[in-house]
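The values are calculated or read from the model by the stated rules, or taken from the named source; none is laboratory data. Everything quoted here is computed from the prediction, not taken from an experiment. Positions of Cβ are generated from backbone atoms using ideal geometry, with glycine treated the same way; all protein chains shown enter the neighbour counts. When the accessible area is computed, the model is the full protein with side chains, heavy atoms only, and any ligands, DNA or RNA have been set aside. Shrake-Rupley method; radii C 1.70, N 1.55, O 1.52, S 1.80 Å.
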Amino acid sequence: MYDIVIVGGGPAGSTLARLVGDRYRVLLLEKRSFTENMGFVSQKCCGGLLDPDAQRMLARFGLGIPKDVLMSPQLFAVRTIDIKNRIERYYQRHYINIDRNAFDKWLESIVPPDVTIINDCIYRSCSENEGYLTVRFTHGGREYEERTKLLVGADGAFSGVRRQCFDKQPLPELYICIQEWYRADSSGRNYYGAVFDDEITDFYSWTIPKEDRIILGSALAPRGDVLRRFDLLKTRLKEYGFDFGERLARNGAYLYRPVRGSHICTGGGRIALVGEAAGFISPSSAEGISYAFRSSLALARALDQGIEGYSDRYVENLQPLRRNIFLKNMKSPAMYNTQLRKLAMRSGLLSIDIVE
Ligand SMILES: Cc1cc2nc3c(=O)[nH]c(=O)nc-3n(C[C@H](O)[C@H](O)[C@H](O)COP(=O)(O)OP(=O)(O)OC[C@H]3O[C@@H](n4cnc5c(N)ncnc54)[C@H](O)[C@@H]3O)c2cc1C
């Protein structure tokens, strides 16, 4: 019998396993193989930017990123394009540009050796028995069962654990993200691009240079015309000097946007949720790695005093993160209301001049 089975070895699941793996008997189940020839589609679809909050959490954990996780160029400015209002501004920002799959592989590699990790497996279901849970998963074409005292859903947006076990709790707003990879131009100018256009999405789109490539991505409301709106984005960005040429790859993922407190579900009883599965992600920027770290730390601290009664302690430890999401939602209108954004960008407040 395991003490804790964690479903998902992303930043939330691996971090939790790392923080509690010395004290508990832990099983970590992860769908990805993290082998060399992991196909592009099975890789995590992500912008791969570590913002200052994620950097701060790495600092608190005492972790430094190995160089094979980094990707050039490192970025210091956001080029913000408001297509509808026809305004463009640059803002200084401090991101670390990473290879997201190498990052997750590294986080998994620093989990204590006592933790049992099974990659390339898929969690299927769980059922409650007296005093424990039975967890079912498939691996290498076979079905397996394990018993555990606590199950943690760290399986990201559209979490299977959450949908199976907490189906009465409202889900955060769901977006479909598409990312396409193109050859980067050779102008030598490198920005993280944030693009706003209400006709394409009520959230935002982005461009991120990665080595000799550039990602074009967008978070789109899941209506039938997702690909048409993505193509419209590509067409409109031509006016701003982007010429995407031949598409090298495309992948997609779900993204949660918690716009109400009730969208956050931390679980209960013998099942806890962490990271994006719980709804922890910025509703204004879709930055989720620091939230994955912070919610896992909150659960690990709650487990310091044992599994018994952990749930109340976890809820208590999460208060600052809930407040953070509330404040991000308060800030959202300045970014996502067309008129307020126009005012903010027109004012030039906090923007920088670009030297040609
Ligand atoms: C397109 C896009 C771009 C983004 N860009 C950024 C960015 O630049 N910076 C940033 O901070 N955040 C970004 N985010 C958000 C960020 O990726 C997530 O919030 C963050 O990864 C959440 O971490 P997590 O560990 O909770 O979930 P995830 O990283 O999603 O990890 C969940 C893990 O569970 C595994 N899993 C899922 N189901 C199963 C199953 N049934 N069985 C076994 N394993 C399973 C998955 O393989 C995955 O490894 C982006 C999100 C998207 C969609």
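Details
- Filter pass, Asp68 being in contact with a Leu (Cβ under 7 Å, 6 or more places away or on another chain), more than 14 Å from the ligand (Cβ to nearest atom) and among the acidic types (Asp, Glu): no
- Scanning the stretch 261-286 for residues that are under 17 Å from Leu174 (Cα atoms), polar (S, T, N, Q) and open to solvent by 10 Å² or more (accessible area, probe 1.4 Å) gives Ser262, Ser285.
- Condition met for Ser14 (among the hydroxyl-bearing types (Ser, Thr, Tyr), under 20 Å from the mean Cα position of the chain (by Cα) and crowded, with 20+ Cβ neighbours inside 10 Å): yes
- For Tyr132, the criteria (1) within 16 Å of Gly160 (Cβ to Cβ); (2) aromatic (Phe, Trp, Tyr); (3) open to solvent by 30 Å² or more (accessible area, probe 1.4 Å) hold in every case but one, which is (1).
- All of (1) farther than 17 Å from Asp53 by Cβ; (2) in contact with a strand residue (DSSP E or B) (Cβ under 7 Å, 6 or more places away or on another chain); (3) within 13 Å of the ligand (Cβ to nearest atom) hold for Ala286 with one exception: (1).
- Yes/no for Asp22 being in a loop (DSSP other than H, G, I, E, B) and more than 30 Å from Leu350 (Cα to Cα): yes
- Once the stretch 240-279 is narrowed to residues that are small (Gly, Ala, Ser) and in a helix (DSSP H, G or I), the residue that is farthest from Ser186 (Cα to Cα) is Ser262.
- Complete set of residues in the stretch 287-323 that are open to solvent by 10 Å² or more (accessible area, probe 1.4 Å), more than 13 Å from the chain's Cα centre (by Cα) and under 18 Å from Phe103 (Cβ atoms): Leu297
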